[in-house]
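Chemist: Right, I'll just put the structure down here and ask away after.
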Amino acid sequence: MTEDEPSPDVDRRRTWLTPGGRLPDLELPDTTGGLRRLSDLVGGDPTLVHFYRGWFCPKERQFFQVLAALQNEAEVAYTRFVSISVEPPEVSGAYRAGLGARWTFLSDPERRYLDVLGLRETTDTVHDPYTPTCVVVDPDLTVHAAYRGYWFWGRPTAEELRHDFRSLTRSLRPDWDPPQ
Amino acid sequence: MSRTYIALLDHEPKDADVTVVGQVRDGSDLVLAAWHADRRPHPRAASVDPRILGTGGPPITASWTELPEGHRPLFDSPEVLEARRRLIRSWPAYGVSALVTDSVHLAGSVLLWAGGPLFDDDPFARLGPSRVVSSQGFFVPLPAPTGPALERYGGAPWPFDRFIS
């Protein structure tokens, strides 16, 4: 094992990060500083939970363009997004406003969940951020799809997210086939 | 199905579950009334997101918009959609709820104020007559909706965010 490879402990902490795994119910402040629990934010809808490095990363800025475009579909599709970083609420709030994002950003400046989730990006010793990761979860936080975005092409495309949301919505809504 | 209704009235109604006297910005007093009922309990009452009501909150100022019958836009019309988008994008408030009296129209709104200049630019108040009412023990803070989803759930007053089975 090299220095850059995750330890077996980290691998164990990442067992939630596969389809059928369960994302822990995090509690973190939103951009107004109010504490929000992930299960409350997800409610009863399919949700993209998106861990990102921070405003400084050009890959994040590019990926947020994808999400900002997709939000126009999600807003009419009973589908939610939550983005999480280690940046404090005022930084996340400014970044969110600049993006024109209409979903919730959570802040973990104390890095409470980096190791709980096994998502500490050990190769960035300057910012000590989350490893870019996207999970599509159902209302009980069960992972439907997971994407590791350390390399940019590991992130989901808008089309992959549409497929995930369609598949999850079909399984969640009893009236997917319209009532006769 | 039981719903929560509110109204802003000149006189205290006999049958309301909660009444509180509020001060309007012009100096007059009005009665804020709430009911939990199976049917609309008063001609001025409208259904509201129940999460914004409670007795334990701080003093709150509400921008209360009531759209007259015949001048109520469809809930899905662009001006109502843009008001919802604007609030979810730059949450300025303690809370918000649409007021509804049927399944398709917007009857008004209450926007609960947390301070800041946007209050005098309540996007729902652009749609019709609005009053600013201060009270305590009637409204409670409500966190911002998650977004970007902003549809109504089974006709419930926005931003109530669950389907009720």
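Chemist: Taking H placed 1.01 Å from N in the peptide plane, check which residues at least 5 places from residue A:22 or on another chain put their amide H under 5 Å from its amide H.
Modeler: A:143
Chemist: Still on this structure: Is there a quick way to get the dipole size of the protein assembly as shown? I mean about its Cα centre, with the Cβ of Lys and Arg at +1 and of Asp and Glu at -1; what is the value in debye to the nearest 20?
Modeler: That gives a dipole near 300 debye.
Chemist: Taking θ as phi - 60°, what are the ³J(HN,Hα) couplings along the stretch B:78-95 by the Karplus curve (6.51, -1.76, 1.60), each to the nearest whole Hz, with x for Gly and Pro?
Modeler: Result, ordered by residue: x, 5, 6, 4, 5, 5, 5, 4, 5, 5, 6, 6, 10, 4, x, 10, 7, x Hz.
Chemist: In addition: For Cα pairs less than 8 Å apart in space and 6+ apart in sequence, what is the mean separation divided by the residue count of the stretch B:1-90, i.e. the relative contact order in percent?
Modeler: So the answer I get is 28 percent.
Chemist: Distance in nm between label sites at residue A:123 and residue A:159, each 7 Å beyond Cα in the beta-carbon direction?
Modeler: 2.7
Chemist: Apply 1/(1 + (r/R0)^6) to the Cβ-Cβ distance of residue B:51 and residue A:152, taking R0 = 41 Å, and write down the FRET efficiency to the nearest 0.05.
Modeler: 0.55
Chemist: Something else about it: Would you mind classifying the stretch A:1-146 by shape? Square roots of the alpha carbon gyration tensor eigenvalues, ordered a ≥ b ≥ c; an a/c under 1.5 is rounded, otherwise it is prolate if a/b is larger than b/c and oblate if not.
Modeler: Oblate is the answer for the stretch A:1-146, as a/c is 1.5 or above yet b/c matches or exceeds a/b.
Chemist: For a quick check: with amide H placed at 1.01 Å from N, whose amide H comes under 5 Å from residue A:173's, ignoring anything fewer than 5 positions away on the same chain?
Modeler: none
Chemist: Follow-up question, since we're still on this one. Each residue of the stretch B:42-53 in order: what ³J(HN,Hα) in whole Hz does its phi give by Karplus 6.51 cos²θ - 1.76 cosθ + 1.60, θ = phi - 60°, with x for Gly and Pro?
Modeler: Values, residue by residue: 8, x, 9, 6, 9, 6, 9, 4, x, 6, 8, 9 Hz.
Chemist: Hey, could you get me the Stokes-Einstein D for the protein assembly as shown, Kirkwood radius over alpha-carbon pairs, 20 °C and 1.002 mPa s, rounded to whole µm² s⁻¹?
Modeler: The diffusion coefficient I find is 99 µm²/s.
Chemist: Give the shape of chain B as rounded, prolate or oblate, defined through the alpha-carbon gyration tensor: a ≥ b ≥ c are the square roots of its eigenvalues, a/c under 1.5 means rounded, and otherwise the shape is prolate if a/b is larger than b/c and oblate if not.
Modeler: rounded
Chemist: Turning to a different aspect of this structure: With a cut-off of 8 Å between alpha carbons and a minimum separation of six or more residues, what is the relative contact order of the stretch B:35-165 in percent?
Modeler: Values: 242 pairs, mean separation 47.4, N = 131.
Computed over the stretch B:35-165, the figure is 36 percent.
Chemist: Oh, and also: Quick check: residue separation of residue B:69 and residue B:9 times 0.36 nm, minus the Cα distance between them. What number comes out in nm?
Modeler: 19.9 nm
Chemist: What's the ranking of A:79-90, A:137-148 by average number of surrounding C-beta atoms within 10 Å, highest first?
Modeler: Put in order of decreasing packing, that is A:79-90, A:137-148.
Chemist: Turning to a different aspect of this structure: Where does the charge balance sit around residue A:96 when Lys and Arg score +1, Asp and Glu -1, over other residues with C-beta under 10 Å from its C-beta? Write down the numbers at each step before the final one.
Modeler: Values: positive: A:102, B:89; negative: A:30.
Counting the neighbours of residue A:96, the net charge comes to +1.
Chemist: Residue by residue through the stretch B:56-68, what is 3J(HN,Hα) from phi via Karplus (6.51 cos²θ - 1.76 cosθ + 1.60, θ = phi - 60°)? Round to whole Hz and write x for glycine and proline.
Modeler: x, x, x, x, 9, 9, 10, 8, 10, 9, 10, 9, x
Chemist: Sticking with this one: For residue A:15 and residue A:176 in the same chain, what is the full-extension length gain: residue separation times 0.36 nm, less their Cα-Cα distance, in nm?
Modeler: 54.8 nm
Chemist: Once you keep just the Cα pairs under 8 angstrom separated by 6 or more residues, what percentage relative contact order results for chain A?
Modeler: On the way: 289 pairs, mean separation 50.8, N = 180.
Relative contact order, chain A: 28 percent.
Chemist: Kindly state, to the nearest 0.05, the FRET efficiency for residue A:94 paired with residue B:23, given R0 = 41 Å and r defined as their beta-carbon distance.
Modeler: Numbers: r = 35 Å, r/R0 = 0.87.
That gives a FRET efficiency of 0.70.
Chemist: Now for a separate question. Pull up all non-local amide H partners of residue B:105: gap of 5 or more, or a different chain, and H-to-H distance under 5 Å with H placed in the peptide plane.
Modeler: It is B:75, by chain and number.
Chemist: Distance from a point 7 Å along Cα→Cβ of residue B:38 to each backbone N in the stretch B:1-20: keep the residues under 12 Å and list them by number.
Modeler: B:1-3
Chemist: Still on this structure, I have one more. Compute the signed sum of charges (Lys and Arg +1, Asp and Glu -1) over the other residues within less than 9 Å, Cβ to Cβ, of residue A:55.
Modeler: 0
Chemist: Tally Lys and Arg at +1 and Asp and Glu at -1 over the other residues with C-beta under 10 Å from the C-beta of residue A:149: what net charge comes out?
Modeler: It works out to a net charge of +3.
Chemist: Using helices alone, I'd like the mean residue ellipticity at 222 nm for chain B: each DSSP H run of four-plus residues gives -39500 (n - 2.57), total over residue count, nearest 500.
Modeler: -2500 deg cm²/dmol
Chemist: Right, here's the next one. Do the sum for chain A: with -39,500 (n - 2.57) for every DSSP H run of n ≥ 4, divided by all residues, what is the mean residue ellipticity at 222 nm, to the nearest 500 deg cm²/dmol?
Modeler: -9500 deg cm²/dmol
Chemist: Evaluate E = 1/(1 + (r/R0)^6) for residue A:27 and residue A:76, where r is the Cβ-Cβ distance and R0 equals 25 Å; express this FRET efficiency to the nearest 0.05.
Modeler: In this case the efficiency is close to 0.30.
Chemist: Classify the stretch A:53-139 from the C-alpha gyration tensor, please: rounded if a/c falls under 1.5, else prolate or oblate depending on whether a/b exceeds b/c.
Modeler: Values: a/c = 1.87, a/b = 1.48, b/c = 1.26.
Here the stretch A:53-139 falls in the prolate category.
Taken together, the values in this text are just the output of simple stated rules run on the coordinates, not laboratory data. What you see is a predicted model, and the numbers here were worked out from it, not measured in a lab. Backbone-built Cβ (ideal geometry, glycine too); neighbour counts: all protein chains shown.
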